[in-house]
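Data block below; observations after.
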Amino acid sequence: MRRHTYPFVPYRPLRYDESVMTGRGRRFLSFLEGRRSVRFFSDDPVPRECIDLAIAAANTAPSGAHLQPWKFAVIGDAGTKHRIRMAAEAEEQVNYEGGRIPSEWRGALARLETTSDKSYLGVVPWIVVCFAEKSTVMPDGLLRKNYYVNESVGIACGFFIAALHAMGLCTLTHTPNPMGFLTEICERPGNERPYVLFPVGYAAADCEVPDLARKSVAEATVESPGSWPSG
């Protein structure tokens, strides 16, 4: 019998035979293959519960020392969304028209046909901004350092995106640089920094996305020594 200093509970995840396991994997892959980043949204309303469910899904993500160093700011007010759009476009105009983006980066973005126009931020019913907590303010007012913040928050955002897709909703990982205006508009404290901005809604009826191909398994896999079991 193991002895623990802190509380532990039994964990017995389901196990499947090979055919069920691979079948579930293929269905999940097919589901995720249907996800695309969207820049053309409908203004149709989306229930707030859907946003809360996606955040709850993000909260299931693993994190360094289980400190969960993220906060999700939810914005549905038209005036606040407009402020975010204006501030994001101002930064993006410097990026695109002001030359802040290097030519190599601009070349990589060309096939996406992105510009400084972020009008979709005024169309979507919700904007969700994920903030990464470098440290957390404890009830006694002291700061607790968080660990593996970027890694933890990135995984949580992935879960958030997958949950939105599961509900038939679309989003985009928008990271206008710099993003300090989001701290001000969302009234977040200095121990947090904006990580990514998510417009959330339904795809527009006439939505189009770039015709892109994803990496194959072979392209994404490196067969290192010891990749296969011996015997």
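The values are calculated or read from the model by the stated rules, or taken from the named source; none is laboratory data. Just so we're clear, the structure is a prediction, and the values are computed from it rather than from any experiment. Cβ atoms come from the backbone with ideal geometry, glycine included; neighbour counts cover every protein chain shown.
Take the range 198-215 and flag every residue that is more than 20 Å from the chain's Cα centre (by Cα) and surrounded by 13 or more Cβ atoms within 10 Å (Cβ to Cβ).
Correct list: Ala204, Cys207.
Can you name every residue in the range 4-37 that is assigned to a loop (DSSP other than H, G, I, E, B), hydroxyl-bearing (Ser, Thr, Tyr) and closer than 30 Å to Leu172 by Cα?
Matches in the range 4-37: Ser37 only.
Which pairs have Cβ atoms under 7 Å, sit 6 or more apart or on different chains, and link a residue in the range 192-217 that is closer than 25 Å to Val74 by Cα to one that is of a type in the set (Lys, Arg)?
Going by the 7 Å Cβ cut-off, the qualifying pairs are Glu192/Lys71; Arg193/Lys134.
Within the range 178-190, is there a residue that is under 17 Å from the mean Cα position of the chain (by Cα) and either at pLDDT 95 or above or buried (at least 17 other Cβ atoms within 10 Å of the Cβ) (or both)?
Yes, the range 178-190 has at least one match.
Failed condition for Ile101, given (1) modelled with pLDDT under 95; (2) assigned to a helix (DSSP H, G or I); (3) surrounded by 12 or more Cβ atoms within 10 Å (Cβ to Cβ), with all others met?
Of everything listed in (1) modelled with pLDDT under 95; (2) assigned to a helix (DSSP H, G or I); (3) surrounded by 12 or more Cβ atoms within 10 Å (Cβ to Cβ), Ile101 misses just condition (2).
Since Trp105 meets every condition but one in (1) at positive phi; (2) among the aromatic types (Phe, Trp, Tyr); (3) more than 21 Å from the chain's Cα centre (by Cα), which condition does it not meet?
(1)
Every residue in the range 38-53 that is part of a loop (DSSP other than H, G, I, E, B) and not hydroxyl-bearing (Ser, Thr, Tyr), please.
Residues satisfying the conditions are Val38, Arg39, Phe40, Asp43, Asp44, Pro45, Val46, Pro47.
What single numbered condition from (1) among the hydrophobic types (A, V, I, L, M, F, W, C); (2) out of contact with any helix residue (DSSP H, G or I) (no Cβ under 9 Å at 6 or more places or on another chain); (3) closer than 20 Å to Thr171 by Cα; (4) not in a helix (DSSP H, G or I) fails to hold for Met1?
(3)
Out of Val9, Val94, which single residue is farther than 29 Å from Val124 by Cα, without any contact (Cβ under 8 Å) to a residue 40 or more places away in the chain and hydrophobic (A, V, I, L, M, F, W, C)?
Exactly one residue qualifies, and that residue is Val9.
Say we look at the range 54-74 and pick out the residues that are of a type in the set (A, V, I, L, M, F, W, C) and in a helix (DSSP H, G or I); which of these is surrounded by the most Cβ atoms within 10 Å (Cβ to Cβ)?
The first filter runs over the range 54-74 and keeps only residues of a type in the set (A, V, I, L, M, F, W, C), leaving 54-58, 61, 65, 67, 70, 72-74.
From what is left, the residues that are in a helix (DSSP H, G or I) are 54-58, 65.
Values: Ala54: 26, Ile55: 19, Ala56: 12, Ala57: 19, Ala58: 23, Ala65: 11.
This residue is Ala54.
Determine if the range 34-55 includes at least one residue that is free of Cβ contacts under 8 Å to residues at least 12 places away in the same chain and either over 28 Å from Cys207 (Cβ atoms) or of a type in the set (A, V, I, L, M, F, W, C) (or both).
no
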